[in-house]
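All of the numbers you see were taken from the coordinates with simple rules; none came from a lab. Keep in mind the model is a prediction, meaning the values are calculated, not measured. Heads up, the Cβs are rebuilt from the backbone with ideal geometry, glycines too, and the neighbour counts pull from every protein chain shown.
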Amino acid sequence: MLFKDQYDFVKQHIKKNKLRVSMTILAATMGCAFLIILASIGYGLHKTVLNDILTNENVTSIELMNGQQLTDEDITKIEQLEHVQNVRTITRVSAEANSQLDDRDIQSELMMTNFKKYAAVNDELAEGSFPKADNEIVVGYHFAQHLLNDADREIIAQKSAEAEANNEWYDGAEEGYKQSLIGKKITMKVKSFTENSEYSESKTYTIVGVLPKPAYEWAIDTKIMLPEGNQQWLDTALTVGPGEEKFVDEMVIFATELEHVEGLLKTLRDDGYRLYSITEQLDEINVVYSIMKIGLVFVGAVAVLIASIGIFNTMTMAVTERTREIGVMKAIGASPKLIQRLFLMESLMIGVIGTVLALIISYAFSFTVNALMPFVVSEIFGQKDANLEGIILSYIPVQLVLIASTLSIGVAVLSGVRPARKATKIEVMQALRQEL
C-alpha cells in the first residue's frame, strides 16, 4: 500500500468523524497554545530584563570596586594584557560648576576624562564631536533644558504649582535653551562643596558635543565633561577641607569582546584586584529566569497531557468502530504493521494540525498583547506618558516553538500507540462476524 493511499485512507476516516476529530484537534490546540503562551511570558520578561541591562550597561566593562586606584604602571600593565581594549578613567571633581551663556546659567556636576580613550568605547554623541583641545567641553543631554534665565524660572514655578494642584509634576521641558549648543561659548566658575567656599575666577569654554540621552527615562544629565588637561587649573581653583579629596577617579577596564570578560576577570582577580562585571549579574538573572521558564513549560505541559486523553479516547473509539474494516484488511493481506501505521498516522495528523493552529494562535496573542500593553497600562494606571518602549510581555523564540511542537506532536503519537496496537490484535474471523 503506497504512502499516498495510506494518507488518503486516513484522511477519509477523519472526514467521516468531523465533529469528534474537530473537538479532539481543538483540545490539542488549546493545550499546546496554553503551553506556548504561558512560557512566552517568561521568555518575554527575561528578554525585557536582559535588553534593559544590555542597553544601559557596557557589557564588556570591568569596574574596580571600593574606589581602588591604578597607578600609571598598573594601567600600562593591564592594557598590555590580551583582549584588553583600554583602561578608561573618569575623574569626578568634588566641586559645583556654574556656567553662564548670555543671561542664562546652570549648576552642573563636573567630570574629567581622556576623551581619546572615552571615545574608543563611547563613540556616540547626540550632537557634535569630542573635544580636541583643553578649552573644549562636552555637556549632558539635558544641559540646554536646564540652562535657564529668570523668566524661565518664573514660568516653571507657575506651571509646577498648577501641576501640583492637579497631583501632577511638571518637568520644565518647555523652557530652557532651544538653540543648538554646538559652538557656543560659556563662562564657567567652580567652587568646592566645602562650607564657606567661594567661586573661582571664570574660564571660557566652547561646547563641541552633547552626550546621548540617558537610557533611563527618569535620569537627568546636566553634567560637564572636561579634558583631563584641566586638572591643574581645577587643583589651583578648588580648596577642600581636611580629609576631603578634590578628585575621585572611577576606573573601568574594557575587554575587546564579551566572550573575553570572564577570562580577564579571573586573571585580574588572581593579581589581587577587586572587580565587578555586569556579566556576573547576567549569569544570576539567566539562572533565575531559566528556572521560571522551566516551571512555566512544565505547567503548560500538563495541559498538553490533559489534551492527550481526548486523543486517546478518539483513537480508541476509531478502533472499535472499524473492527470489521480491520478484519477485511487483514483478510486481504494487510500486515499488522500497516494497520498500526494507519492509526498512528491518524493520531499524528491530529497532533500536527493542533500544533499548527496553536502556533498561529500563540503568535497572534503575542503580537496583540505586546501592541496593546502601552494602551492598557495608560488606561488602567493613568500613566499616559509612561515609557514602555522595549518592554516585551510575550516573546516566542524558536526553541520554545521546537519544545512545544515536539511535546505536542509526541504526546499525540504516544496517545495513539495503545489503540493502534489493539487494532493489530483483532482476530479476522471475529471482526468479520461483527454486524454492520
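Less than 5 angstrom separates the built amide H of residue 136 from those of 206, all sequence-distant by 5 or more or on a different chain. Along the stretch 238-245 the Karplus relation, 6.51 cos²θ - 1.76 cosθ + 1.60 evaluated at θ = phi - 60°, assigns HN-Hα couplings of 9, 10, 10, x, x, x, 9, 10 Hz to successive residues, with x for each Gly and Pro.
A convex hull fitted to the Cα coordinates of the stretch 39-137 yields 200 cubic angstrom per residue. I'd like the distance between the alpha-carbon centres of the stretch 65-123 and the stretch 207-264, rounded to an integer number of Å. What the calculation gives is 4 Å, centre to centre.
In order along the stretch 404-417, the Karplus-derived 3J(HN,Hα) couplings, from 6.51 cos²θ - 1.76 cosθ + 1.60 at θ = phi - 60°, round to 5, 5, 4, 5, 5, 5, x, 5, 4, 5, 4, 5, x, 5 Hz, and Gly and Pro are given as x.
For the stretch 230-309, report the translational diffusion coefficient in µm²/s to the nearest whole number, using Stokes-Einstein at 37 °C, 0.692 mPa s, and a Kirkwood Rh over Cα pairs.
Translational diffusion coefficient: 181 µm²/s.
Using the Cβ-Cβ distance between residue 100 and residue 269 with R0 set to 45 Å, the FRET efficiency from 1/(1 + (r/R0)^6) comes to roughly 0.45.
Only helical runs count toward this figure. For the chain, summing -39,500 (n - 2.57) over DSSP H runs of n ≥ 4 and dividing by all residues gives -18500 deg cm²/dmol at 222 nm.
What does the highest-first list of 193-200, 35-42 look like by mean Cβ count within 10 Å?
Working: 193-200: 12.2, 35-42: 23.8.
Result, highest mean Cβ count within 10 Å first: 35-42, 193-200.
Along its first, second and third principal axes, ordered by size, the stretch 91-198 spans 48, 37, 27 Å in Cα coordinates.
Between residue 335 and residue 92, the simple label model (points 7 Å from Cα in the Cβ direction) yields a spacing of 7.9 nm.
Going by the alpha-carbon gyration tensor, a ≥ b ≥ c the square roots of its eigenvalues, is the stretch 258-302 rounded (a/c under 1.5) or, if a/c is not under 1.5, prolate (a/b greater than b/c) versus oblate?
Prolate, since a/c reaches 1.5 and a/b exceeds b/c.
Here residue 246 is the anchor, and the lysines within straight C-alpha reach of less than 21 Å, apart from those fewer than 8 places off in the same chain, are 189, 191, 203, 223.
Which order do peptides 280-288, 43-51 fall in by mean Cβ count within 10 Å, highest first?
Highest-to-lowest ranking by the protection proxy: 43-51, 280-288.
Note on residue 82 and residue 133: the extension gain reaches 15.2 nm, defined as 0.36 nm multiplied by sequence separation minus the Cα-Cα distance. The H on the amide N of residue 126, modeled in the peptide plane, is under 5 Å from the matching H of 210, 211, each at least 5 residues off or on a different chain. Residues whose amide H comes within less than 5 Å of that of residue 247, counting only those at least five positions distant or on another chain, are 94 (H built at 1.01 Å from N in the peptide plane). Backbone geometry of the stretch 199-206 corresponds, through the Karplus equation with coefficients 6.51, -1.76 and 1.60 at θ = phi - 60°, to 3J(HN,Hα) couplings of 5, 7, 5, 6, 9, 8, 10, 10 Hz, x marking Gly and Pro. Here, the chain has an Rg and a Dmax of 34.6, 113 Å when only alpha carbons are counted.
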